[in-house]
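Visitor: I have a structure here, written as structure tokens, and I will follow up with some questions on it.
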Amino acid sequence: MEGWKHVFLIFKFFMVLVYLGLGFIILYLNVLPLSIGKTGRTFFGIIFILYGIFRIYTLYKSFMEKNDEE
């Protein structure tokens, strides 16, 4: 079961990269076919980046709790 914890940790880290990357793509690149305007793109880009930062915090917190248990 210990191996699955490492898999989930890697998956969570990968998803953080996805959220942050998608946020920056929405904000700075015009490659996604979104017809929501500049204000909507800014809003959704910031939301994705903030959620990515929140996931970094929760990932760090769970990692530190795991190290405290060992």
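Please treat every number below as a calculation from the coordinates, not as lab data. If you're wondering where the values come from, they're calculated on a predicted model, not measured in any experiment. Every residue, glycine among them, receives a Cβ derived from its backbone with ideal geometry; neighbour counts consider all protein chains shown.
Visitor: Please state the relative contact order of the chain as a whole percent: Cα pairs under 8 Å, 6+ residues apart?
Guide: Across the chain, relative contact order equals 38 percent.
Visitor: With a point put 7 Å past each Cα toward its Cβ, work out how far residue 2 is from residue 30 in nm, to one decimal.
Guide: So the two model labels end up 5.4 nm from each other.
Visitor: Out of (1) 177; (2) 79; (3) 152, which label holds the value of volume of the Cα convex hull per residue in Å³ that was computed here?
Guide: For volume of the Cα convex hull per residue in Å³, the calculated option is (2).
Visitor: Moving on. Within straight cross-link reach of residue 12, meaning Cα distance under 25 Å, which lysines are found once same-chain residues fewer than 8 apart are removed?
Guide: By straight Cα distance, residue 12 reaches 61, 66.
Visitor: Let me ask something else. In a shell of Cβ-Cβ distance under 15 Å around residue 12, excluding residue 12 itself, what net charge do Lys and Arg (+1) and Asp and Glu (-1) give?
Guide: +3
Visitor: Which lysines, on any chain, are close to residue 38 with Cα under 18 Å apart, when same-chain ones fewer than 8 places away are left out?
Guide: Hits, sequence-local ones excluded: zero.
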